[in-house]
1. Taking a label point 7 Å out from Cα toward Cβ, give me the nm distances from B:Arg270 to the same spot in the other copies, shortest first, one decimal.
2. Under the rule of at least 5 residues apart or a separate chain, name every residue whose amide H is placed under 5 Å from the amide H of B:Ala70.
3. Run the reach check for B:Lys180 against lysines, Cα to Cα strictly under 20 Å, same-chain hits fewer than 8 apart removed. What comes back?
4. Just to compare against my own numbers: the Cα pair-distance distribution for the range B:27-111, 10 Å bins, whole % per bin, please.
5. Starting from a label point 7 Å past Cα on the Cβ side, list the distances from B:Gln96 to the same position in the other copies, nm, shortest first.
6. Near A:Lys317, which aspartates and glutamates are there with a Cα under 14 Å away, not counting those fewer than 8 places off in the same chain?
7. Rounded, prolate or oblate: which fits the range B:195-320, taking a ≥ b ≥ c as square roots of the Cα gyration tensor eigenvalues, rounded meaning a/c under 1.5, else prolate when a/b beats b/c?
8. If each of B:Ala79 and A:Leu94 carries a label point 7 Å out from its Cα toward its Cβ, how far apart are those two points in nm?
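The values are calculated or read from the model by the stated rules, or taken from the named source; none is laboratory data. Quick caveat: nothing in here was measured; it's all calculated off a predicted structure. A quick note on method: Cβ atoms are made from the backbone with ideal geometry, for glycine too, and the neighbour counts reach across all protein chains shown. Surface accessibility is based on the protein's heavy atoms, side chains included, excluding ligands, DNA and RNA. Shrake-Rupley method; radii C 1.70, N 1.55, O 1.52, S 1.80 Å.
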Protein chains: 2
Amino acid sequence: MSEKFACIGAGLIGSSWAMSFARSGHRVALFDDADGAAERALGLIRDRLGVLQSEGLLEDAEHTAALITAADSLEEAVAGASFVQESVFEDVALKQSVYAKLDQAAEPDAVLASSTSAILPDAFLGDIRGRDRAIIAHPANPPYLLPVVELVRSSWTSDDTVARCSAVMESVGQVPVVLKKAIAGFVMNRLQAALIQEAMFLVGEGYVDPEGVDKVVRHSLGLRWSFMGPFEVMDSNAPAGFRDYAARYGPSTIQEIGRSIDALGSMRYRWPQPIIDEIDAWRRSEVPAGKLDHHRRWRDLVLMQLAQVMARARAGKADI
Amino acid sequence: MSEKFACIGAGLIGSSWAMSFARSGHRVALFDDADGAAERALGLIRDRLGVLQSEGLLEDAEHTAALITAADSLEEAVAGASFVQESVFEDVALKQSVYAKLDQAAEPDAVLASSTSAILPDAFLGDIRGRDRAIIAHPANPPYLLPVVELVRSSWTSDDTVARCSAVMESVGQVPVVLKKAIAGFVMNRLQAALIQEAMFLVGEGYVDPEGVDKVVRHSLGLRWSFMGPFEVMDSNAPAGFRDYAARYGPSTIQEIGRSIDALGSMRYRWPQPIIDEIDAWRRSEVPAGKLDHHRRWRDLVLMQLAQVMARARAGKADI
């Protein structure tokens, strides 16, 4: 059933959301406070939808693009919309003022979802009348290629809002994960930061060069985690499954390394500027500054190819 | 140029090494102290090589299988071998006794490489006369599908041995990463443990369920890390590359979450048994105990398909 969605903020995240919603046949109104930003986003969206079609991931890019329009005001964008996704700059005061406007202008039963990755829900979702319908829906970047969305409720978000937001996300092909309680960084960025902090420590303290870290992750951990996730990997890495893994490797291996990480202080490691410069110099030798946009397009193409492998992989698992 | 390789220990790792070496046209002698273990491994190897061929990753499984033979003794296995890969049980005393024998029996110029993941090199590679030619070559599991190998030198390993071991690994299609100095867990398992400890903390302390963790990793972090690695991902996630990323998100986001992880003590988190049981129960609802082997075969098939995507992805990057 086609509905109207509103996307507030037309940066990379807001534009990607518009594509996700329109890809499922919904009309999308895109609004941005900056003059002309929404119109400019429409051009980028058209370009990216064309790539999706040529990779076999979208039937009709023209039709999908035509579902997305630029709105002249926040009020126009949200009028008649059943779902509002906010993706403005990460600033508490800005978010508070946007939510005050959304609370006034949006349809009374519309879900108000925020893309924030950095702000806890109670910091900006509590001052509006309709705070029961406001929730964080934090995507990976970009959401039209990386489907997972973290749903984080504030102290006032209703169960109904969580259920409706989750249902909407599933209906447009995203993968919602509901957090049971809020924590800084949520799940995605906490897991990412744990690995990155250890990586920076190992490079900064001279155990390995940055290229070595990337090779280790690409050719082992990342390959497995791309289709299984860490618990499924552990489950498959001991003859009798996860409980067996925990008994064999929990205290003796993983927790012992964890204690070493704790003792050496990787998680509070401050990145030394010379190490940042060294890593940047290596990256620029791999991808010159003028080719970074090209590299990002390559990244997105590979993600599209992986999406097809993952779909086949899951289908092939059906007989387990 | 075809050479003879010796694999000491015919478990999953030793058998996988034999496949890696034979796939590149080398003759491999496989020895295991347990009666009949090497012969039994040959059957498994033949089966897996057949799957590689049917997935288009190997030309002639029969020919490759014929290159691998079971040896009746360690001495027979290493006679004439230019490279010895040891993959016996992770026990310091056992490794010490195996290296004493290898030092006597192996050709004088053969590299002696250990698959250990858990033991530091100085703990077992220092007591032999030829300690300059002994090194750790720690693979991911299984090495014939996950190509990265961590090379960790002892205090006595010669530069020539590091260079020769690295060249051999590259020549058989593995991806060697040379550590600049040894650390417990090396790089791979430290990065893995950092993420897993944070995941166990988040599940154990009630922030998210284990399925949510796996979804977050599979549909965002793991997908990107499978072909880029963490530094390349950071480099692509800021307009002007890694230095820009470090300035935007280093102290304010990643290091701030790191300090939160440090303060909350995830790295020293002990896995509660009820949480282990809960995770295991979820896994068994997804893959019944009787289907775990089937699930591992599925995993290996997906890894083979990913290998093909990765090869194409890297080829497509050549024009950057």
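1. 3.4
2. B:Leu30
3. Cross-link targets: A:Lys215.
4. Histogramming the range B:27-111 at 10 Å steps yields 16, 41, 31, 11, 0 percent.
5. B:Gln96 label point versus its equivalents elsewhere: 6.6 nm.
6. In chain and number order, the partners are A:Glu232, B:Glu286, B:Asp293, B:Asp300.
7. On the way: a/c = 3.49, a/b = 1.14, b/c = 3.06.
Here the range B:195-320 falls in the oblate category.
8. If labels sit at B:Ala79 and A:Leu94, their model points lie 7.5 nm apart.
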